[in-house]
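Novice: One structure, pasted below without further comment.
The values are calculated or read from the model by the stated rules, or taken from the named source; none is laboratory data. This one's a predicted model, so the numbers in the text were calculated from it and none came from an experiment. With ideal geometry, Cβ positions are generated from the backbone for all residues, glycine too; neighbour counts draw on all protein chains shown. Side chains are part of the model used for accessible areas, which takes the heavy atoms of the whole protein and leaves out ligands, DNA and RNA. Shrake-Rupley method; radii C 1.70, N 1.55, O 1.52, S 1.80 Å.
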Amino acid sequence: MSVKRLFMSLALLATLYQADAQEKTVMLKYGDMNSWVTRTIHESAIIGGNDKTLYEVGPNKHLDGNNAYRNLGGSPWGTSNVMAKVSGITKTNNCVYKEKRGNGYCARLETHIERVKVLGLVNINVLAAGSLFLGDMTEPITGTKNGEKYQNCGVPFTSRPKALRFDYKFKSSGEPNRIKLTGFGGSSVVNGKDKAVVMLLLQKRHEDAKGNITAKRVGTMVVTYDKSTNEWINGKTCKIMYGDIRKSPEYVEETMKLRSIDYARNSKGVNVPVKETGWASDDETPTHMVLQFLSSHGGAYIGSPGNTLWVDNVKLVY
């Protein structure tokens, strides 16, 4: 190698080292998934009277009793694990689990069918996907219609990270299509293989005098997985794109388009839809971050039982 090429190589290595040295990662609070709240809920006698355990990401603590859950210890994480009271019957759903990983723990998100049958009263079969997200749930759930309205989606956030980094593992159900099962009646087929989804959206929100919430999309990151991994994928880094990304080769209309199906709690304490009305400029500062890990895609009550996503060590990269 010539002296000139040697110096060029050394200069390139120095540049790369400097870039790596300047990178900063910030673990989200409880993002190492090593600390969990466990809840013991006593289901109604008419459906068996069983004690069920629900898991929430938060401080190591055990709660016993049929009380509505509110995030503890400053945890920003909500899950699709809920206590429901429908027609006077207390029932639970748990699809996010605390699972041992090495010397710590991770989160396991599963898609399954939750069943409740009481002769003469209710006969409910609901497809439930595992969801781990920034925000919280409003308990108790009182019905199966419009399940999104119980979710307060997103947290205040005013930074501009470059990427999201996390560890994950995925197991596909192997089914060629999904099903839709809303609670009453039979299931219907939804074309297309089920996918796990990781979505991070940065929004600039505005609330009007009536409590309605609109938002401009500041940043976007959406990845999907439909092929099983044999091992953990550690340190997966997904770039956040800023501004109007519709002309980017990485833009996927189905998963990255503007949304109006999410709910958030307004200043009046009411969960209302968040309607994205447009794309912000690429130098805009957000007011909120939406981050969701989902074991199935396509919306509420849609998926393939058996789809499973494991998540650990969730960080932001700056």
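Novice: Could you pull out the residue among LEU10, LEU63 that is open to solvent by 50 Å² or more (accessible area, probe 1.4 Å), of a type in the set (A, V, I, L, M, F, W, C) and at pLDDT below 95?
Specialist: On the way: LEU63 fails: at pLDDT below 95.
Criteria check complete, one pass: LEU10.
Novice: Which residue, of ASN71, ASN94, is over 21 Å from GLU43 (Cβ atoms) and in contact (Cβ under 8 Å) with a residue 24 or more places away in the chain? Steps first, answer last, please.
Specialist: On the way: ASN94 fails: over 21 Å from GLU43 (Cβ atoms).
On inspection, the qualifying residue turns out to be ASN71.
Novice: I've got another one for you. Among what's in the range 203-227 and is hydrophobic (A, V, I, L, M, F, W, C) and farther than 30 Å from SER173 by Cα, pick the residue that is most open to solvent (accessible area, probe 1.4 Å). First the steps, then the outcome.
Specialist: Applying the first criterion (hydrophobic (A, V, I, L, M, F, W, C)) to the range 203-227 yields 209, 213, 215, 218, 221-223.
Adding the requirement that they be farther than 30 Å from SER173 by Cα leaves 209, 213, 215, 218.
On the way: ALA209: 97, ILE213: 14, ALA215: 2, VAL218: 0 Å².
Checking each candidate, the answer is ALA209.
Novice: Something else: What do you reckon, is LYS91 at pLDDT below 95, open to solvent by 20 Å² or more (accessible area, probe 1.4 Å) and of a type in the set (D, E, K, R)? Explain how you work it out, then say what you get.
Specialist: Details: at pLDDT below 95: yes; open to solvent by 20 Å² or more (accessible area, probe 1.4 Å): yes; of a type in the set (D, E, K, R): yes.
So LYS91 fits the description; yes.
Novice: Filtering the range 132-168 down to residues that are open to solvent by 20 Å² or more (accessible area, probe 1.4 Å) and of a type in the set (Asp, Glu), which residue is modelled with the lowest pLDDT?
Specialist: GLU148
Novice: Within the range 228-249, which residues are open to solvent by 80 Å² or more (accessible area, probe 1.4 Å) and touching a Pro at 6+ places or on another chain (Cβ under 7 Å)?
Specialist: none
Novice: Cβ-Cβ under 7 Å, sequence separation 6+ or interchain: first residue in the range 218-238 and at positive phi, partner at pLDDT 95 or above and open to solvent by 40 Å² or more (accessible area, probe 1.4 Å). Which pairs?
Specialist: Note: pairs meeting the criteria are GLY235/ARG165.
Novice: Does the range 103-112 contain any residue that is outside any strand (DSSP E or B), open to solvent by 30 Å² or more (accessible area, probe 1.4 Å) and among the β-branched types (Val, Ile, Thr)?
Specialist: Applying the first criterion (outside any strand (DSSP E or B)) to the range 103-112 yields 103, 111.
Filter once more, keeping what is open to solvent by 30 Å² or more (accessible area, probe 1.4 Å): 103.
From what's left, among the β-branched types (Val, Ile, Thr): none.
Checked the range 103-112: no residue is outside any strand (DSSP E or B), open to solvent by 30 Å² or more (accessible area, probe 1.4 Å) and among the β-branched types (Val, Ile, Thr).
Novice: Right, here's the next one. In the range 277-300, which residues are buried (at least 19 other Cβ atoms within 10 Å of the Cβ) and in a strand (DSSP E or B)?
Specialist: HIS288, MET289, VAL290, LEU291, GLN292, PHE293, LEU294
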